[in-house]
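Here's the structure we're looking at; comments come further down.
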Amino acid sequence: MSREKFTANSFSATLKSKYPVTQSGVQGNILTLTVDTGTYATLATYLKEQGFTRCLTVSAIDWLDDNEFEVYYLVHHLKNNIYTKVATRIPRKKPEIPSLATVWDTAALHEREVWELFGITAVGNPMLKPLFLEDWTGKPPLRKDFNWRDYVQKEYYKAKEG
């Protein structure tokens with residue numbers, strides 16, 4: 001399929017026949033997929049082989065009430081102008097996901113941000129070290145249970161009083 005022209009709809013059907021996709025949708029040239037954690041990185045390799053050469057982002061959403069994170073990546077197929085978002089859910093208790101850095105070099109930096117700001121470890125990523133928060137000792141600041149108001153009050157206002 002990598003050498004021929006395909007659409008988001010036809011590619012969605014191909015993916016669903018090859019991989020266990022729990023949810024999918026197509027809107028114009030945007031394909032969205034939800035898969036289990038075991039399929040997350042395997043599907044990334046397949047997408048790269050099919051011509052999805054640009055990894056635009058790897059990010060996360062904190063679903064605090066569900067006690068899970070949703071980790072996703074967004075990739076682009078330049079020739080066919082198709083964007084594909086692949087998402088999976090992982091538990092907040094042990095937030096780990098396979099790294100995509102061996103598939104797309106650019107994924108390493110995005111995973112580094114997710115690690116630092118959400119506390120999600122991309123297993124196999126060699127870049128997991130502080131990027132923005134070198135001296136940070138608190139809870140990752142983009143988690144929904146991080147209280148930024150308390151942090152600002154403690155770090156910036158009470159410090160000035162003493």
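Here, each number is a calculation from the coordinates, and none is a lab measurement. Note that the structure is predicted; figures quoted are calculated from it, not measured. Reconstructed Cβ throughout: ideal geometry from the backbone, glycine too, with neighbour counts over all protein chains shown.
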In whole Hz, what ³J(HN,Hα) sequence does the range 76-91 give by Karplus (6.51, -1.76, 1.60; θ = phi - 60°), x for Gly and Pro?
-> 10, 9, 5, 4, 9, 6, 10, 9, 10, 10, 10, 10, 8, 10, 10, x
Cα-based Rg of the range 87-147 per 2.2 N^0.38 Å, rounded to two decimals?
-> 1.10
Over the chain, what is the mean sequence separation of C-alpha contacts under 8 Å (at least six apart), divided by residue count, expressed as relative contact order in percent?
-> 17 percent
For the chain, calculated [θ]222 nm from helices alone, where every DSSP H run of n ≥ 4 adds -39500 (n - 2.57) | -8000 deg cm²/dmol
From the phi of every residue in the range 142-150, what ³J(HN,Hα) in whole Hz does the Karplus formula 6.51 cos²θ - 1.76 cosθ + 1.60 yield, where θ is phi - 60° and glycine or proline is x?
-> 9, 6, 5, 8, 7, 9, 5, 5, 4
Trp63: net charge of surrounding residues, Cβ under 10 Å, Lys/Arg +1, Asp/Glu -1, itself excluded?
-> -2
Could you please report the charge total around Asn147, scoring K, R as +1 and D, E as -1 over all other residues with beta-carbon less than 15 angstrom from its beta-carbon?
-> +2
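For the chain, which span is the longest to avoid every loop-located (per DSSP) member of GluC sites (Glu not before Pro) having at most 11 other Cβ atoms inside 10 Å?
Longest stretch, sites excluded: 5-133.
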0 to 90° range, to nearest 10: angle between helix 107-118 axis and the chain longest Cα axis = 40 degrees
Beta bridges by DSSP in the chain, antiparallel share as percent, to the nearest 5 = 75 percent
Pick out which of Ala60, Ala87, Ala13 has the largest mean-square fluctuation in a Gaussian network model of the chain, springs linking Cα atoms closer than 10 Å.
-> Ala13
The chain: angle of helix 37-49 to the longest principal axis, Cα-based, in degrees nearest 10 | 50 degrees
Counting other Cβ atoms within 10 Å, which trypsin sites (Lys or Arg not before Pro) in the range 66-162 have at most 10 and lie in a DSSP loop?
-> Lys93
Would you mind checking the tilt of helix 8-18 against the longest principal axis of the Cα atoms of the chain, expressed as 0 to 90 degrees and rounded to 10?
-> 90 degrees
